Amino acid sequence: MQANINEQGGRIKLSNSAMDAGGYNLGAGWIQDDTVVALAYGRMNSEYGLPGEDGVFIKLKQDRYQGVVDWNNLDGFINAVHWQNAYTDYEHSEIDVAEVGTTLKNESIESRLWGEHASVFGWKGVLGLHYNNTDFEAIGDEAFRPPTKTTSVAVFLMEERQTGVFIRQMGSRIEQVTHTVNNDYFAERGSQQNIAFADTDYVALSGSAGVVFKIDSDNTLAFDYAYCDRAPSASEFFGMGCT
């Protein structure tokens, strides 16, 4: 905080710290007792300077489309189904004295589908699938990794059972993540080395268990344990073009 205080104790402007941002969201839905369908679109634009780097600023834009479908009060073992989808197109450029230095582009598709099931021996919960696909590309002299596509598919289960004043909870998730590199990137940049990355696959396991004790209508006491795996991201694995 000392950087924006002068010797007399008054405030001064931090060089190249200006920001101009704007955006909007539009949405529409159709709602009935048993069915919900909704669509939305959002746009975001932003320009901001990088303090300490005079003449350098970031220009950012993002488009995001979302859709939600809910089916409720179903007959059978699965009594409700929920489906959420999103497509995001993101881009930002680093501009130095009116010249574009490096541009980062990222397109992603995400889909989550889960269902609520009827009670089984007192246990109620949800079983679902989660899919995510991203397509990343960096363009420019300071591009820090090659173009990479990442796909992840996960299955998850969450369960809960109440017995008297105790609520038992548990959950688990298994996820497979695959990174695929565009190896033509190195030849296009004039590399004289024979660089090629094989697809990388990871399996991540996560789980949790807990007990909630209801002291009274306003207070509870909870004990939880959780274990979580996370696969390395493409930036962590292929940063600077090497593992």
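Do we find that Ser93 is small (Gly, Ala, Ser) and surrounded by fewer than 17 Cβ atoms within 10 Å (Cβ to Cβ) in this structure? Here the answer is no, as Ser93 does not meet what is asked. All of Arg112, Arg64, Arg11 fail the test of being more than 26 Å from Ala154 (Cβ to Cβ), of a type in the set (Lys, Arg) and touching a strand residue (DSSP E or B) at 6+ places or on another chain (Cβ under 8 Å), apart from Arg11. Can you pull out every residue in region 221-242 that is modelled with pLDDT under 80 and among the charged types (D, E, K, R)? None - no residue of region 221-242 is modelled with pLDDT under 80 and among the charged types (D, E, K, R), so the list stays empty.
Just to be sure, is Gly125 small (Gly, Ala, Ser), over 28 Å from Thr180 (Cβ atoms) and touching an Asp or Glu at 6+ places or on another chain (Cβ under 6 Å)? Judged against the criteria, Gly125 is a match. The set of residues from region 106-148 being within 30 Å of Asn79 (Cβ to Cβ) and among the aromatic types (Phe, Trp, Tyr) comprises Trp114, Phe121, Trp123, Tyr131.
The values are calculated or read from the model by the stated rules, or taken from the named source; none is laboratory data. Quantities reported herein were computed from a predicted structural model and do not represent experimental measurements. We place every Cβ from the backbone using ideal geometry, glycine too, and count neighbours over all the protein chains shown.
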